[in-house]
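The values are calculated or read from the model by the stated rules, or taken from the named source; none is laboratory data. Bear in mind the structure is a predicted one, so any value in this text is a computation, not a measurement. FYI the Cβ positions are ideal-geometry reconstructions off the backbone, even for glycines, and counts take in every protein chain you see.
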Amino acid sequence: MSEHTRSRPAGEEISSSATAEASASGPNFSRRTFLKSVGVTPVVAAAIAPEAAEAQGAAIVGPDAAPLTLTINGQKKTVTVEPRTTLLDAMRQQLDLTGAKRVCDRGSCGACTVMIDKRTAYACSVLAVDVEGADIRTIEGLTQGTVLHPVQQAIFEKDGTMCGFCTPGFVMSTVALLEKTPNPTAAQAKKALDGNICRCGTYVRLLEAALSVKGGARG
Ligand code: FES
Ligand code: FES
């Protein structure tokens with residue numbers, strides 16, 4: 001999977017040292033220095049021509065749609081996608097997995113949050129071809145029959161949803177938090193959820209819900 005899974009991972013911030021370095025560099029601050037400071041090398045920023053990639057033995061995908069197998073909630077799913085197709089589009093348009101919501105479609109709101117190899121990711125900012133073979137989890141995989149996942153149940157009990165567009169994303173970010181940190185502090189929970197935006201302003205109740213189910217990872 002590429003390094004640019006999401007534009008700003010939930011709970012991850014550009015380090016203050018990188019910011020300080022940028023400030024200290026002043027007018028001499030170069031693109032190379034910037035890339036280095038945020039952990040991106042110029043190599044990955046460069047595009048590789050298709051001819052060069054082919055010469056290196058890399059498989060060329062596209063520009064036409066091609067079949068692709070994704071592993072979502074433990075099940076193999078086949079989609080036919082162009083290289084430009086996002087994971088969100090592949091799921092919503094071809095697999096009828098509409099739990100992840102399209103709101104901003106540009107990696108800033110978190111409504112499309114899923115888990116990829118145990119990390120949260122914005123599905124609108126991930127190419128489907130980049131996650132073939134990865135373990136993708138969506139909100140559809142949480143409910144056991146009619147029994148809600150404890151995080152979903154907690155949000156319901158805390159009345160943490162209004163229009164509901166942000167809710168699946170918050171649920172996935174909370175599940176990811178609790179599986180990694182079963183007993184989070186309020187600060188840890190806030191940080192884990194800071195990549196999700198709720199325009200209805202349910203933050204306090206969503207935070208209460210996240211903290212109310214601490215005490216064990218819920219698979
Ligand atoms: S971050 Fe993907 S829809 Fe907003
Ligand atoms: S409940 Fe409406 S955006 Fe969060």
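If you go through the range 139-175 and pick out every residue that is under 19 Å from D117 (Cα atoms) and either crowded, with 24+ Cβ neighbours inside 10 Å or within 14 Å of ligand 2 (Cβ to nearest atom) (or both), you end up with 9. Can you confirm whether R102 is under 16 Å from R137 (Cα atoms), within 15 Å of ligand 1 (Cβ to nearest atom) and either among the charged types (D, E, K, R) or surrounded by fewer than 16 Cβ atoms within 10 Å (Cβ to Cβ) (or both)? No: the conditions fail for R102. Selection of the range 84-137 for residues being among the polar types (S, T, N, Q) and closer than 20 Å to P67 by Cβ yields T85, T86, Q93, Q94.
Looking only at the range 86-93, decide whether some residue is within 16 Å of ligand 2 (Cβ to nearest atom) and of a type in the set (S, T, Y). Scanning the range 86-93, I find no residue that is within 16 Å of ligand 2 (Cβ to nearest atom) and of a type in the set (S, T, Y), so the answer is no.
Quick one: in the range 107-130, of everything that is in contact (Cβ under 8 Å) with a residue 60 or more places away in the chain and over 16 Å from L193 (Cα atoms), which residue is farthest from ligand 2 (Cβ to nearest atom)? Here the residue is V129. Does T80 fit the bill of being modelled with pLDDT of 95 or more, in contact with a Pro (Cβ under 8 Å, 6 or more places away or on another chain) and polar (S, T, N, Q)? So T80 fits the description; yes. Applying the condition of being part of a loop (DSSP other than H, G, I, E, B) and within 12 Å of ligand 2 (Cβ to nearest atom) to the range 186-216 and asking which residue is nearest to V151 (Cα to Cα) yields L193. Note on the range 180-194: residues that are of a type outside the set (S, T, N, Q), in contact (Cβ under 8 Å) with a residue 12 or more places away in the chain and surrounded by fewer than 16 Cβ atoms within 10 Å (Cβ to Cβ) total 4.
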